[in-house]
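The values are calculated or read from the model by the stated rules, or taken from the named source; none is laboratory data. Remember, predicted model here, so these are calculated numbers, not experimental data. Heads up, the Cβs are rebuilt from the backbone with ideal geometry, glycines too, and the neighbour counts pull from every protein chain shown. Keep in mind that these areas ignore ligands, DNA and RNA; they rest on the heavy atoms of the full protein, side chains included. Shrake-Rupley method; radii C 1.70, N 1.55, O 1.52, S 1.80 Å.
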Amino acid sequence: MPTPIYKRALLKLSGEALMGERDYGLDTATVRAIAEDIRGVVRLGVEVCVVVGGGNIFRGVAGASAGMDRAQADSMGMLATVMNALAMQNALEKAGVDTRVQSAIPMSSVCEPFIRRRAQRHMEKGRVVVFAAGSGNPFFTTDTAAALRAAEMNCDVLLKGTQVDGVYSADPRKNPNAERYTTLTYLDMLARDLAVMDAAAISLARENKLPIIVFNIHEQGAFTAVMQGEGRFTTVVDQ
C-alpha cells in the first residue's frame, strides 16, 4: 500500500456535502460514496476522525435570521449534526469500518459522550470517530469545532471536503474567472476574507500549527488521493 503523508487526520464534512443533488436532507448514495473514500484512507493506515455539520437539515444562523433566539437555533443545529453523524456511522459500518459517534451533547441512548482520551483510544485501535453536536456551544460553527477537535486529537492535518477542488478567489460555480490557489497562509485566508472556514477556525488552526487542506469531497477517491499527496487541493499553512 502507498505510504500516506499524514498519520492522523480530521475530515470536516458540511451538511450540504451529504445532500448530493437534493435540496434537503441526506442522499444515501453520496453518504455511501464518502464512506467508501474514508475506508480507503483507513486502509492506508491513517487514523481518521470526522466532524459533520448539519446545514442540510437545520442551520442555526438561518433560524436566528428568521427571528429565533440564536442560542436556541444553534442548539437545534447541533442536534441536526447528530442525525448526520449517525447516518455516516451507518454507512461506514456497512463498508466494514468500525466507527464510534461521540456527541458534545450527551445522548447516551444513541452514541457516546465526547471523551477526549476515549476518542484517541478508538482511533489508535483503527476505529473512525465521528464527532457530533459541534463543540456543544451555541455561537460556534462546526468549522471551529473541527479545528478544536483536530487540536484535541493531536491530528497532523485538518481536511475540509467542499463542493470544489480547493480555495478560489470567488465561487467558481458562479464566476468562471475565479482564481484557484494552490497554497495559502492562514493570514491570507483572513485578510482576503475567503469564505471557506470562519475566522475562529482558521485562527485556532494557526495557533496549533495545524495545516488545512481543502478539496472536493465529491470526486471519487479524492480523500484517499489527498492523503497520498495527489489530486487537486489547496493547502493552508503558516509562512
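What value in Å³ per residue do you get for the convex hull of the alpha-carbon atoms in segment 147-229?
Expressed per residue, the convex hull around the Cα atoms of segment 147-229 is 97 Å³.
Please identify the longest segment of the chain free of exposed GluC sites (Glu not before Pro), where exposed means a DSSP state other than H, G, I, E or B and no more than 11 other Cβ atoms within 10 Å.
In short, 22-178.
How are the Cα pair distances of segment 1-141 distributed, in percent, across 5 Å bins from 0?
2, 11, 20, 22, 19, 14, 8, 3, 1, 0, 0
Per-residue accessible area for L187 at 1.4 Å probe radius, Å² rounded to 10?
We get 80 Å² for L187.
Once each part is reduced to its C-alpha centroid, what is the distance from segment 137-205 to segment 1-40 in angstrom?
17
Students often forget the sequence filter, so: which lysines lie under 22 Å Cα-Cα from K209 once same-chain residues fewer than 8 apart are removed?
Within the straight-line cut-off, K209 pairs with K7, K12, K160.
With a cut-off of at most 13 other beta carbons within 10 Å, and DSSP calling the residue loop, which chymotrypsin sites (Phe, Trp or Tyr not before Pro) in segment 1-101 qualify? Please list them.
Listed in order of number, the matching sites are Y24.
To the nearest 0.05, how large is the calculated FRET efficiency for S203 and R70 if R₀ is 30 Å and r is the Cβ-Cβ distance?
Here the calculated transfer efficiency is 0.90.
In segment 172-239, what trypsin sites (Lys or Arg not before Pro) fall in a loop by DSSP, with at most 12 other Cβ atoms inside 10 Å?
Qualifying residues, ordered by number: R173, K174, R192, K209.
Would you please name the trypsin sites (Lys or Arg not before Pro) within segment 1-64 that are DSSP coil residues with at most 16 other C-beta atoms within 10 Å of their C-beta?
Counting only loop positions with at most 16 other Cβ atoms within 10 Å, the trypsin sites (Lys or Arg not before Pro) in segment 1-64 are K7, R22.
How big is the chain in terms of Cα radius of gyration and Dmax, in angstroms?
Gyration radius and largest Cα-Cα distance of the chain: 16.6, 53 Å.
Given the Cα-Cα distance of T182 and R117 and 0.36 nm per residue of separation, how much length would full extension add, in nm?
19.9 nm
Kindly give Rg over Rh for segment 53-135, based on alpha-carbon atoms, with the Kirkwood expression for the hydrodynamic radius.
Looking at segment 53-135, the ratio lands at 1.05.
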